[in-house]
1. Just to confirm the filter: which GluC sites (Glu not before Pro) across segment 39-106 are DSSP coil and have at most 16 other Cβ within 10 angstrom of their Cβ?
2. Between ARG161 and GLU53, how high is the FRET efficiency from 1/(1 + (r/R0)^6) when r is the Cβ-Cβ distance and R₀ = 25 Å? Nearest 0.05.
3. Within 10 Å of each residue's Cβ, count the other Cβ atoms and sort MET141, MET48 from fewest upward.
4. For labels at HIS168 and HIS92 in the simple 7 Å Cα→Cβ model, what's the distance in nm?
5. Which trypsin sites (Lys or Arg not before Pro) does segment 12-76 hold that lie in a coil by DSSP with at most 14 other beta carbons within 10 Å?
6. Calculated FRET efficiency, THR126 and GLU83, Cβ-Cβ r, R0 30 Å, to nearest 0.05?
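Each value in this text was obtained by applying a stated rule to the coordinates, not by laboratory testing. Worth saying up front: this structure is predicted, and the values here are computed from it rather than measured. Please note: Cβ atoms are built from the backbone with ideal geometry, for glycine as well, and neighbour counts cover all protein chains shown.
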Amino acid sequence: MEERVVKHSPGAEPTLYHVSVRDIVRKPGSQREVSSTFAVPAVLGTSMIGVQEGATAELTASLEVVTDGIWVSGSFRAEALGECSRCLDAVHQPVDVSFEGLFLYPGAELGEDEGEDSVFEFDGETVDLEQPVLDAVVTSMPFTPLCRPDCPGLCDQCGARLADDPGHAHEALDPRWSALESVKDRIVRSDEKES
Ligand SMILES: [Zn+2]
Ligand SMILES: [Zn+2]
């Protein structure tokens with residue numbers, strides 16, 4: 001894997017998902033569009049696969065002030081890196097997800113018709129998009145990452161990569177031999193019956 005250099009510019013925000021809305025809060029109808037490209041400050045994903053720290057990400061979001069808070073919809077693009085669950089090879093997977101959610105004003109009550117999904121809290125000044133991005137990325141990740149759909153995996157006897165050696169087999173455990181063994185058993189048993 002190539003090394004990515006993470007550059008922190010002086011005075012950068014604590015995390016790059018933060019959007020200040022201090023000047024538009026409580027002004028329903030106000031909107032803000034944000035778009036940025038940055039190095040991901042912390043991994044987004046599962047233990048098997050995820051967007052790794054330092055990976056370049058593109059985040060765009062549209063924020064709209066509504067009665068109870070800030071409605072956010074956006075998209076996030078990056079590349080996830082993980083391990084094939086069968087052969088342990090590196091798996092690179094493009095991530096292109098969209099997300100949306102409501103950042104509820106402090107003390108605001110959630111309306112009855114609003115689901116509890118995708119509701120986030122904020123301090124009334126700064127919206128932090130990391131949680132909705134994380135949720136969307138994790139949801140899009142496969143439970144069992146594969147380097148290719150038909151990855152044959154590793155030999156369970158010696159750990160050899162079967163993709164490199166399609167004819168790989170261990171003689172004693174070759175299924176053709178055990179099939180022959182059972183045929184031989186049947187022949188012996190029918191011989192015994194006849195005699
Ligand atoms: Zn594989
Ligand atoms: Zn083997």
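1. Within segment 39-106, the qualifying GluC sites (Glu not before Pro) (loop, at most 16 other Cβ atoms within 10 Å) are GLU53.
2. The computed FRET efficiency comes out at 0.35.
3. The order, fewest Cβ neighbours first, is MET48, MET141.
4. For the pair HIS168/HIS92, the computed spacing is 2.4 nm.
5. For trypsin sites (Lys or Arg not before Pro) across segment 12-76 that sit outside H, G, I, E and B with at most 14 neighbouring Cβ atoms in 10 Å, the list reads ARG22, ARG26.
6. The pair THR126/GLU83 has a calculated efficiency of 0.25.
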